[in-house]
Each structure stands twice: as structure tokens, then as C-alpha cells.
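Computed from the coordinates by the stated procedures, all read-outs in this text should not be read as laboratory data. The model shown is predicted, which means the values in this text are computed figures rather than measured ones. Neighbour counts are summed over all protein chains in view; Cβ atoms, including those assigned to glycine, are modelled from backbone coordinates with ideal geometry.
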Amino acid sequence: MRKLTVALALLATVVAAPVLAAEVGAKPDRQAWSFSGPFGMFDRAQLQRGLKVYREVCASCHGLKYIAFRNLVQPGGPGFSDAEARAIAAEYQITDGPDDTGEMFERPGRLSDHFPPPAPNEQALRSRFGGALPPDLSVITKARSYESGLAIGLLDFFRQYQEHGADYVYALLNGYEDPPADVEIDGAQAWNRYFPGNRIAMVPPLSDEQVEYTDGSPQTVDQYARDVAAFLAWTAEPHMEARKRIGFQVMIFLIVFAGLLYFTKKKVWADAHA
Amino acid sequence: MSGHETFQPQNKALAWFERRLPVFGLLHSSFVAYPTPRNLNYWWTFGGILSVMLVVQLVTGIVLVMHFVPTSAGAFDSVEHIMRNVNYGWLLRYIHANGASMFFLAVYIHIFRGLYYGSYKDPREVLWILGVILFLLMMATAFMGYVLPWGQMSFWAATVITNLFSAIPLVGDAIVTWLWGGYSVDEPTLKRFFSLHYLLPFVIFGVVLLHVWALHVVGQNNPDGIDVKSNKDTVPFTPHATVKDSFGLICFFILFAWFVFYIPNYLGHPDNYIPANPLQTPPHIVPEWYFLPFYAILRAIPSKLGGVVAMFASIAVLVFVPWLDTSKVRSARYRPLYRQFFWILLIVCIGLGYLGAKPPEGGYVIAARLLTAYYFIHFLVILPLLGYIETPKPLPASISESVLKKHAGAPAAAGAVRSPERNG
């Protein structure tokens with residue numbers, strides 16, 4: 001039976017790929033992200049706002065299991081102080097144990113804890129959404145992309161564009177619209193321009209003025225989406241700033257080294273061509 | 001091959017050791033005094049680059065293994081653990097993942113360099129066949145390595161590729177069950193792939209030693225494809241080849257670093273950041289870019305068994321290239337017709353790679369069939385025929401003459417006789 005399933009799945013991929021291929025959403029627009037390009041860095045305030053949006057809106061359905069509260073303090077991230085991160089952690093109740101009597105118990109979160117899951121297990125989460133599973137968001141901006149075509153794809157190599165996932169998240173959160181007149185969708189679903197197949201089990205999560213910003217940033221769906229997409233770009237790649245900084249040093253070293261080797265080579269070979 | 005100098009240790013202790021195990025003399029004769037043709041161009045630096053890439057993959061891989069958990073429940077999490085919590089784990093993993101791509105980029109350049117300059121011809125047939133074996137081992141290693149992060153593409157690539165063996169008549173299904181260690185790709189598959197992914201690089205290392213040994217027995221080919229005749233035709237490996245290879249290597253590393261530090265996920269597939277899910281098939285299952293031409297050949301044939309046979313035949317045919325090419329002249333520099341067909345073949349291979357990434361539908365399938373047919377026609381028909389119908393250009397009398405002419409800016413010697421000892 002399992003073999004048959006695999007065989008059918010294979011058949012589906014090899015034969016029916018074109019049919020499934022039609023299930024793509026609209027192509028998201030590219031955004032001007034502070035973290036794109038060779039010197040792009042995260043905007044600390046934006047990451048802090050994005051965390052706020054995640055905690056107050058996304059977290060009720062989506063996990064962030066690879067992120068610990070200590071990560072909020074690490075360089076290259078949202079730049080919280082140790083005390084601030086401890087305070088955020090303490091707002092969560094974490095299940096720990098078993099204790100000396102063998103019982104599990106609840107306690108306030110610590111820096112070493114990870115963001116708690118929205119449900120104790122996958123089945124519990126699915127049952128809340130009629131079988132649909134809200135994905136964990138830790139690496140979502142690396143797990144989503146869109147086709148740009150061969151020419152743009154090659155160009156992206158030179159301009160180092162890697163922010164497709166953030167573009168997608170931002171577009172998706174802004175992509176809710178009324179379904180076409182001839183399409184009927186049930187109440188548990190919504191119509192989204194950018195979601196593959198357009199029918200998405202996530203009803204519009206954001207509305208204007210939903211999350212309070214204290215830094216004067218506009219409290220709009222557009223801004224919330226932008227901030228949370230940036231935040232999720234950081235959760236997917238928490239060492240990005242170190243990577244680019246070291247990368248620049250490595251590049252300088254390699255280019256200088258290559259230059260020295262080139263002139264050494266010229267000198268060594270000068271007599272070989274005479 | 002007569003060296004430029006021999007190894008005479010001055011140090012007493014070294015001389016004592018050398019009389020008992022002449023390992024320094026071996027290193028000296030292989031990497032210092034070894035005579036290398038003085039007309040080698042930068043396409044010849046890729047052999048050294050490949051050796052370094054093998055070491056890079058081994059070193060990063062050995063450290064990654066210290067943190068990796070080869071279980072279906074733990075593999076994906078452990079890769080994220082490496083990316084986040086292991087000191088410079090992100091660097092190790094990105095070097096290793098992009099290193100595989102750079103390894104293949106270098107090997108493809110190396111193979112096409114061999115095809116262009118006729119490096120497979122007498123007396124280098126065994127050297128060439130060892131290279132084809134290395135290429136196969138690399139493909140197996142890379143495929144199994146890609147499965148280890150246990151993302152969606154890992155899982156489904158493993159399913160598709162292992163299922164190819166079910167095309168074998170009679171015993172196919174039994175073989176697939178044996179490969180999987182069960183009735184589907186699952187933890188036993190992951191564990192054996194992990195074990196073999198660790199083993200195979202050391203097998204590659206061994207075959208590389210044979211490859212280098214064979215190279216040092218017959219000597220390097222060169223852009224003119226003519227034999228070394230005197231000491232004037234060669235320069236000692238050190239410093240000449242050492243410094244030239246180093247320069248080539250560092251330029252290659254600049255490209256490597258571009259990927260690792262700035263676009264580390266450019267060559268990867270986003271679906272591989274989704275944990276493996278046996279119940280959900282991704283809309284497109286595509287292999288890594290370096291397998292795409294073979295994937296296109298596989299899907300171009302409308303029968304499963306036929307596709308598998310064609311795919312393996314596309315590599316196997318390389319083994320026979322030394323005998324399929326009937327021309328007496330090695331280098332495409334002096335083969336005006338072959339040179340054109342070489343470039344056509346290169347474009348066809350790139351075209352197959354493009355088609356391998358496209359869904360198997362409509363015009364893409366027809367194009368893939370045409371290019372697949374051309375790929376085999378190149379090796380089985382064009383290559384043997386060219387030797388009979390092509391009139392090669394006159395070969396230079398010697399490597400040194402060719403180098404000196406070029407640098408003096410004088411035109412090539414008109415009517416120079418063909419290398420007489422070509423078949424020696």
C-alpha cells in the first residue's frame with residue numbers, strides 16, 4: 001500500500017507536474033529592504049516592531065521554535081538589552097519538568113527558553129484550523145520564494161538579491177482581496193493574490209491600528225507586514241550581519257592576495273616566455 | 001620524464017630518514033621538480049582547484065558531522081542548530097553546501113578542458129577513465145549529501161532517484177526496498193546515506209591519488225596537444241605551476257566567497273527549508289543545478305527504463321571517448337571542425353541543464369529529446385567521423401617553439417610538419 005502511495009506520488013510529480021505548476025500565486029513586488037545587498041544590515045527598531053507584531057498577532061497560530069529569548073540580545077538582531085529580553089521571556093509560561101514528584105509544571109520563561117509553540121502538538125494545532133497547519137515561521141523567509149525568470153535570476157547573482165522570502169511574506173500579508181465573482185470559498189478560507197492556488201486557510205490577520213507602535217511608525221497593515229517580514233528575515237538568518245561583515249574582510253583579503261600572486265606569477269614566469 | 005633536479009637532502013636527519021622511506025623525495029619529484037609543460041593556460045589550474053575543494057569539503061564535513069543528528073526527527077533541527085548555535089556553524093554549512101556546487105563547477109570546467117584539448121587520448125586513457133570514475137563518485141556523494149538536511153527536496157529527490165532502480169526488470173523493486181531499508185524513504189535510508197556520504201569522499205581521495213599518479217606517469221597534456229620533447233619544453237612545477245595554480249585558486253575562491261558570504265542560498269531550493277513531509281509532494285522536484293542536464297536526459301525518454309539507461313549511458317559514453325575520437329591530433333586548436341562541434345556540445349549541455357529545471361511539458365520535452373539525441377550523436381557519430389573527414393592545421397614543431405612564437409608576436413610557422421612521434 002505504501003509502495004502504491006509512493007508510486008502514485010511519483011506519477012503525480014512526473015506526469016502531473018504541469019497541472020500542479022499552475023498553482024502559483026501572483027509574483028510579489030520587490031521591496032527596498034534595509035538588509036539587502038553586501039552592506040545591508042537589519043534595522044533594530046524595525047525588528048523590535050516586527051517582534052511585537054509576531055507576539056501580538058502571529059504567535060497565536062505560528063510557532064517560532066528555533067528562536068530562544070537569548071537570541072533577542074545577540075549582536076546583529078533586534079538589539080534588546082539583557083534586562084529587556086529577560087522581561088519578555090518572563091511574560092511567557094513555559095512547561096518544565098518533570099519535578100521531584102514526576103509532575104510537569106509551569107514557570108516563567110528564561111533567556112535559555114525558546115518561544116513556546118502555539119499548541120502542544122501538531123494535531124492540536126491542526127484541529128483548530130480544520131486540518132490546515134500554520135507553519136513554523138523560524139525559517140519561513142528562506143522556505144518561500146518566487147520565480148523571477150532566467151535573466152533576472154542571473155542578474156540577482158551580481159546584485160546579490162536574496163530577499164525573495166521577505167518580499168513574499170510582505171506581499172502575502174497585503175494580498176487579501178475578494179475572490180473572483182465565479183469562485184465560492186467557504187468561511188474558513190480567504191482569497192489571497194500571492195498564495196499558491198489563492199485559497200489560504202489564514203484569514204486576514206492584520207488590520208490597521210491593531211498593534212500599538214510607540215516609536216511613531218505608522219500603524220497600518222502595510223507597515224506591520226513590512227516589519228514582521230523583516231523580523232522573520234532575521235529569525236531565518238540570525239547571523240547575517242556577521243556573515244556580511246566577515247565576507248567583506250574575506251573579499252578584501254582574497255583580492256589583495258590575488259593581486260600579489262598575480263605579480264609574483266608574472267615575475268616567476270618572466271624568463272619562461274623569453 | 002626527466003626532472004630538472006633531484007632531491008638531495010643536506011640535513012643529516014632528513015637524509016637518514018630519506019634512505020629508509022623516500023617520502024620527501026617523492027613529494028619533491030611530484031610537486032617541486034616535476035616538469036610541467038611551459039605552455040599550460042589557466043584552464044589547467046582546475047586540477048589543483050579540485051584537490052583543494054576536496055580538502056575543503058572533507059574538513060568542513062568532518063566538523064559538521066560532530067553536530068549533525070542523522071535521524072528523521074533530528075536531522076532538520078540539527079542543521080538549524082548548526083546554523084544558529086554552533087560557533088561559525090553557519091559558515092561551515094554554507095561553505096560545505098556551496099562548496100559542493102563549486103566542486104562541480106570546477107569539475108565541469110576540468111572535463112570540458114580535457115575534451116577541448118584531447119587530454120583523453122593515447123597515452124592518457126587510464127587517466128581519463130579514472131576521472132570518469134571520480135565524476136561518478138562525486139555525483140553519488142553529492143546526491144547523498146543533499147538528502148541529509150532532510151528537507152522537502154532532500155526527501156523527494158531521494159525518493160525519485162532511488163526509485164530509478166525500480167526500472168530494472170524483475171529485481172528492480174527488491175533492489176529499491178534494499179536501498180531504502182524499508183518500504184519508503186525513511187530513517188534507515190537517511191542513516192545509510194549519512195554513512196556512505198562520510199565514506200565516499202575518502203574513496204574519492206584514494207582515486208584522486210591514482211588519478212594524480214597516472215598523470216605523473218604519462219605527464220600533462222598541454223594546449224598544443226603535442227608531446228614534451230626536451231627540457232626546453234617544460235618548467236619545474238615549483239615555482240612556476242605552484243604560483244600559477246595559487247593565483248587561479250584564489251580567483252576561484254573569490255567566486256566561492258561571493259556565494260558563501262553574500263548569496264549562500266542562491267543555488268539551493270527554498271523547499272529544502274521545509275522539513276521533509278512524506279505526505280506532501282512538492283509541485284516541482286528538481287535536483288541541484290549540477291544534475292540538471294542528466295535529469296533532462298532522464299525525463300526526455302518516454303519510458304522509465306529507457307530514461308534510466310540513457311542517463312547512465314550519458315556518463316558511460318565518456319569512458320569510451322578515447323576510442324570514439326579517431327583523430328590523431330589532440331588539441332582542438334589544430335582541429336578546425338572539432339572545435340566548432342565542441343562549442344555546440346557545450347551549448348547543448350547547458351541547454352539540457354536549462355531544460356532539466358523546466359517542467360516536462362510541451363516544447364520543453366521536444367527540446368530535451370532533440371538535445372539528448374544530439375548529445376549521443378556527438379560522441380557516437382560526429383566524434384568518430386571527424387577523424388576521417390577533418391584536415392587538421394599544422395602542428396608546431398615543439399612546445400617551446402610555439403610559446404616563443406606566440407610571445408615574439410610572429411605568425412605561426414607555415415607548413416610546420418605534424419608532430420612525428422604522435423603515436424609514440
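Between B:ALA167 and A:ALA87, with labels modelled 7 Å along Cα→Cβ, what's the label distance in nm to one decimal, could you check? Placing both labels 7 Å beyond Cα along the Cβ direction yields 6.4 nm. Taken as Cα centroids, the stretch A:143-178 and the stretch B:194-216 sit 40 Å apart, rounded to the nearest whole angstrom.
Only lysines eight or more places from A:LYS142 in sequence, or on another chain, were considered; those with a Cα closer than 16 Å are A:LYS65.
With helices as the sole contributors, chain B gives -19500 deg cm²/dmol at 222 nm; each DSSP H run of n ≥ 4 counts as -39500 (n - 2.57), and the sum is divided by every residue. A Förster radius of 45 Å combined with the Cβ-Cβ distance from A:LEU150 to B:LYS12 puts the calculated FRET efficiency at roughly 0.10. Using Cβ point charges alone (K and R +1, D and E -1), the dipole size of the protein assembly as shown about the Cα centre works out to roughly 3500 debye. In whole angstrom, how far apart do the alpha carbon centroids of the stretch B:158-180 and the stretch B:347-407 sit? Their Cα centres are 33 Å away from one another. Taking amide H positions as modeled 1.01 Å from N, with prolines and chain starts lacking one, the residues under 5 Å from A:ASP96 and 5 or more places away or on another chain are A:PHE105, A:GLU106, A:ARG107.
With R₀ set to 22 Å, the beta-carbon distance separating B:ILE62 from B:TRP213 gives a calculated FRET efficiency near 0.35.
Note on B:HIS407 and A:SER112: their simple-model spin labels are 6.6 nm apart, each label 7 Å out from Cα toward Cβ.
Figure the gain on full extension for A:ASP208 and A:PHE253 (residue separation times 0.36 nm, minus the Cα-Cα span) and round it to one decimal in nm.
Details: separation 45, 0.36 × 45 = 16.20 nm, distance 4.86 nm.
The A:ASP208-A:PHE253 span can extend by a further 11.3 nm.
Counting only other chain Cβ atoms within 10 Å of each residue's Cβ, the peptide B:246-253 averages 6. Please list, by residue number, every one of the chymotrypsin sites (Phe, Trp or Tyr not before Pro) in the stretch A:128-181 that is coil in DSSP and has at most 12 other beta-carbon atoms within 10 Å. Passing both the DSSP loop test and the Cβ count: no residue.
To make sure I understand, if each residue's beta carbon is the centre and we count other beta carbons within 10 Å, what order do A:ASP271, B:ASP325 fall in, fewest to most?
Numbers: A:ASP271 9, B:ASP325 22.
Lowest to highest Cβ neighbour count: A:ASP271, B:ASP325.
Helices from chain B with mean Kyte-Doolittle at least 0.5 and a Cα length along the axis of 18 Å or more, per DSSP H: which? Show your work: numbers first, answer last.
Numbers: long enough: B:46-65 (27 Å, 2.40); B:89-116 (40 Å, 0.82); B:125-147 (34 Å, 2.10); B:187-218 (46 Å, 1.27); B:242-257 (22 Å, 1.69); B:304-319 (24 Å, 2.09); B:336-356 (31 Å, 1.45); B:362-377 (23 Å, 1.19).
Once both thresholds are applied, what remains is B:46-65, B:89-116, B:125-147, B:187-218, B:242-257, B:304-319, B:336-356, B:362-377.
For the stretch A:113-209, the Cβ-based charge dipole about the Cα centre amounts to some 320 debye (Lys, Arg positive; Asp, Glu negative; other atoms uncharged). Counting Cβ atoms of other protein chains within 10 Å of each Cβ in B:258-268 and taking the mean gives 6. Sequentially through the stretch B:268-280, phi angles give Karplus couplings (6.51, -1.76, 1.60; θ = phi - 60°) of x, 10, x, 4, 7, 9, 9, x, 3, 9, x, 9, 10 Hz, Gly and Pro residues having no value and appearing as x.
Return B:LEU21, B:LEU14 ranked ascending by Cβ neighbour count within 10 Å, so the fewest neighbours appear first.
Working: B:LEU21 9, B:LEU14 12.
Sorted ascending by nearby Cβ count, the order is B:LEU21, B:LEU14.
For A:PHE157 and B:ILE133, FRET efficiency with R0 = 30 Å and r from the beta-carbon atoms, rounded to 0.05? FRET efficiency, B:ILE133 to A:PHE157: 0.40.
Can you give me the C-alpha center-to-center distance between the stretch B:63-98 and the stretch B:275-311, rounded to a whole angstrom? Result: 27 Å between the Cα centres. Under 5 Å from the amide H of B:VAL235 lie the amide H atoms of B:THR36, B:ARG38, each residue being 5 or more positions distant or on a separate chain, with H modelled from the backbone and absent for Pro and chain starts. Inter-label distance, B:ILE347 to A:LYS27: 2.6 nm, where each label sits 7 Å from its Cα along the C-beta direction. The eigenvalues of the Cα gyration tensor, multiplied by 5 and square-rooted, give the protein assembly as shown an equivalent ellipsoid with semi-axes of 52, 31, 25 Å from largest to smallest. Mean partner shielding of peptide A:241-254, defined as the number of other chain Cβ atoms within 10 Å of each residue Cβ, is 4.
State the percent of C-alpha pairs, over all pairs in the stretch B:33-285, separated by a distance greater than 31 angstrom. Everything past 31 Å amounts to 34 percent.
Kirkwood-type hydrodynamic radius, chain A: 22.1 Å, calculated from all non-identical alpha-carbon pairs. Less than 5 angstrom separates the built amide H of B:GLY151 from those of B:ALA276, all sequence-distant by 5 or more or on a different chain. How far, in nm, would the chain grow between B:ARG20 and B:TRP178 when pulled straight, counting 0.36 nm per residue and subtracting the alpha carbon separation? Once the chain is fully extended between B:ARG20 and B:TRP178, it gains 52.0 nm.
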